[in-house]
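These notes concern the structure reproduced below.
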Amino acid sequence: MPFTPNDAQADMNALISGLQAKFTQLDALINKPGLPDSDRTKLNNAKQQLLIEINSSQQEAAFNAAAATVIRPPTAAETAALQATLTKLGKDINAIASVQAVISFVNEVITDNSQRFIEIAQTIKKN
């Protein structure tokens, strides 16, 4: 079974829950009576680092949940063009025209996706 975005989200949520549980444990240790100040300072530093990691993970999870797919799946025409090109390549692998056809196809796909990235960046700048 393939790994899905929902699986990634569930894993991220489990990580955040685990980090929060460790934060609670550190909080309990810091409040333990008789703990030397040097140990309390070390635990407090670890607690602060853990808090930063929790916040970072929560922000990443929220971003991933809200993110849209940037690179669209190929259209039927693009898929057919690639299949035709690969079929042609299989018949005459030494023909320079076949190699050029594949390069041209890949360049078109890259250019199209690059244009989408530019449009997304412009939209982000406007907001």
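Scanning the stretch 29-44 for residues that are hydrophobic (A, V, I, L, M, F, W, C) and within 41 Å of the chain's Cα centre (by Cα) yields Leu29, Ile30, Leu43. Residues in the stretch 9-28 that are hydrophobic (A, V, I, L, M, F, W, C) and surrounded by 14 or more Cβ atoms within 10 Å (Cβ to Cβ) were compared, and the one that is nearest to the chain's Cα centre (by Cα) is Met12.
Every read-out reported here was derived from the displayed coordinates using simple, explicitly stated rules and does not represent laboratory data. This structure is a prediction, so every number in the text was calculated from the model and none was measured. Cβ sites come from the backbone with ideal geometry, for glycine too, and all protein chains shown count toward neighbours.
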